[in-house]
Amino acid sequence: MFRLEFDGLFRNADDEHPASAGIMCYGWRILYGKQVIAQGHGTFARGRNANSNIAEYLALVEGLEALLDMGATDERVLVCGDAKSVINQMEGLAGVSSPAVRPLHERARRLAGHFPNLRWEWLPRRHNRAADALSRHALKRLRHDPALYESILENVRAKAKTRLAGRLLDIGGLRIYQPA
């Protein structure tokens, strides 16, 4: 059985308008049995409507795409995350009211549809530490270069005032597939 663990985090870029502009980092890993066979992390920025829920969905989408790339469509898959709202929405137990989240939710639903033997499981944060560490690693990599980090924040703040504010800006991601 494949197990996808995912996590996202959000950092606000604009103190004047909390939760409007920011950086969203994600991390995911895939296990087969107890062995990690793939993992990834990355960063997106957005000038408006950036939040932790979107970061969680970015992690989920990236992880599901990796599973699809691996050809795991005929396998049993367990998807685990510590964002209860995302798990409930993906199970159909809760609706998605945010227009900013809806496109990512729909994309995740389409990807999940490729896996007929997929189950969802909410995990307390303390049981999702490995995926959390990957999302935090993405943020640390970005902050490692203070000039780059500040230029991205300035770019996001500037976009917050334009019609491009709602677009996701891909700062970078990394997928690693390990030999089984």
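The values are calculated or read from the model by the stated rules, or taken from the named source; none is laboratory data. The structure presented is a predicted model; accordingly, all values stated were derived computationally and were not measured. FYI the Cβ positions are ideal-geometry reconstructions off the backbone, even for glycines, and counts take in every protein chain you see.
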Any chance Leu4 is within 18 Å of Asp170 (Cβ to Cβ), in contact with a helix residue (DSSP H, G or I) (Cβ under 8 Å, 6 or more places away or on another chain) and surrounded by 22 or more Cβ atoms within 10 Å (Cβ to Cβ) = no
Test Ala45 against the stated conditions and say whether it is assigned to a helix (DSSP H, G or I), of a type in the set (Gly, Ala, Ser) and in contact (Cβ under 8 Å) with a residue 60 or more places away in the chain.
-> no
Give the number of residues within the stretch 60-83 that are charged (D, E, K, R) and surrounded by 14 or more Cβ atoms within 10 Å (Cβ to Cβ).
-> 4
Arg119 passes all but one of the listed conditions (1) surrounded by 14 or more Cβ atoms within 10 Å (Cβ to Cβ); (2) in contact (Cβ under 8 Å) with a residue 40 or more places away in the chain; (3) not β-branched (Val, Ile, Thr); the exception is number (1)
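Of the residues Gly22, Gly47, Gly8, which single one is within 18 Å of Arg129 (Cα to Cα) and of a type in the set (Gly, Ala, Ser)?
Gly8
Would it be correct to say that Ala138 is in contact with a His (Cβ under 9 Å, 6 or more places away or on another chain), on the phi < 0 side of the Ramachandran plot and at pLDDT below 85?
no
If a residue has to be in a loop (DSSP other than H, G, I, E, B) and either at pLDDT 95 or above or in contact with a Ser or Thr (Cβ under 7 Å, 6 or more places away or on another chain) (or both) to count, how many in the stretch 2-42 make the cut? Reasoning before the result, please.
Pass one, the stretch 2-42, residues in a loop (DSSP other than H, G, I, E, B): 13-21, 33-34.
Subsequent filtering for residues that are either at pLDDT 95 or above or in contact with a Ser or Thr (Cβ under 7 Å, 6 or more places away or on another chain) (or both) retains 14.
The number of residues fulfilling the criteria is 1.
Does any residue of the stretch 53-64 turn out to be assigned to a helix (DSSP H, G or I), of a type in the set (Phe, Trp, Tyr) and on the phi < 0 side of the Ramachandran plot?
Taking the stretch 53-64 first, the residues assigned to a helix (DSSP H, G or I) are 53-64.
Filter once more, so that each one left must be of a type in the set (Phe, Trp, Tyr): 57.
Next, from what is left, pick out any that are on the phi < 0 side of the Ramachandran plot: 57.
The answer is yes; a qualifying residue exists.
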